[in-house]
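Structure first, then comments.
Values quoted throughout were computed directly from the atomic coordinates according to the rules given, and no laboratory measurement underlies them. Predicted model only: the values in this text are computed from it and were never measured. Ideal geometry is used to build each Cβ from the backbone, glycine not excepted, and the neighbour counts take in all protein chains shown.
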Amino acid sequence: MVRLNLQRIFKARGIEQPYRFLVQNGFVPFTAHKYKNNKVEHIRLDHIEKLCVLLHCTPNDIFEWGPNDLLDDHPDHPLQKIRTRDKKIEIGKMLSKLSMEKLEEVEKLLSGQS
């Protein structure tokens with residue numbers, strides 16, 4: 001089943017108050033609540049685009065897939081690219097523990113100034 005999962009990208013982007021972020025960026029409170037809590041049965045295409053623009057990502061980053069049963073689980077199927085991931089990206093935590101010297105190195109690396 002394909003489902004929306006914004007929690008992973010909210011954490012990766014350091015968004016600590018996803019509901020507030022969504023409402024401040026134009027989503028109505030009801031929709032923001034559903035998106036924040038991954039309680040989505042359907043989603044509008046313009047919302048997918050808006051989320052991707054706001055979160056600087058692609059639809060593959062906000063959706064995940066898990067097979068409904070073993071018959072659905074084909075290792076070579078393209079849906080494997082968005083398979084449910086347990087790995088969490090917590091770059092904010094990692095960066096907060098780096099020394100200033102290391103942070104400067106990361107900044108240079110990210111800006112392409114090797």
Taking amide H atoms as placed 1.01 Å from N in the peptide plane, list the residues 5 or more away in sequence, or in a different chain, whose amide H sits under 5 Å from that of Asn5. Phe63, Glu64
Computed helical MRE - 222 nm, the chain, DSSP H runs ≥ 4 contributing -39500 (n - 2.57), nearest 500: -12500 deg cm²/dmol
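What is the projected area of the convex hull of the Cα atoms of region 2-85, averaged over all directions, in nm²? Intermediate values should be presented prior to the final figure.
Details: hull surface 23.0 nm².
For region 2-85, the mean projected area of the Cα convex hull comes to 5.7 nm².
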Integer Hz, Karplus 6.51/-1.76/1.60 couplings in order for region 5-14, x for Gly and Pro: 9, 8, 4, 4, 6, 4, 5, 4, 8, x
FRET efficiency, 1/(1 + (r/R0)^6) with R0 30 Å, evaluated for Lys97 and Cys52 via beta carbons: 0.50
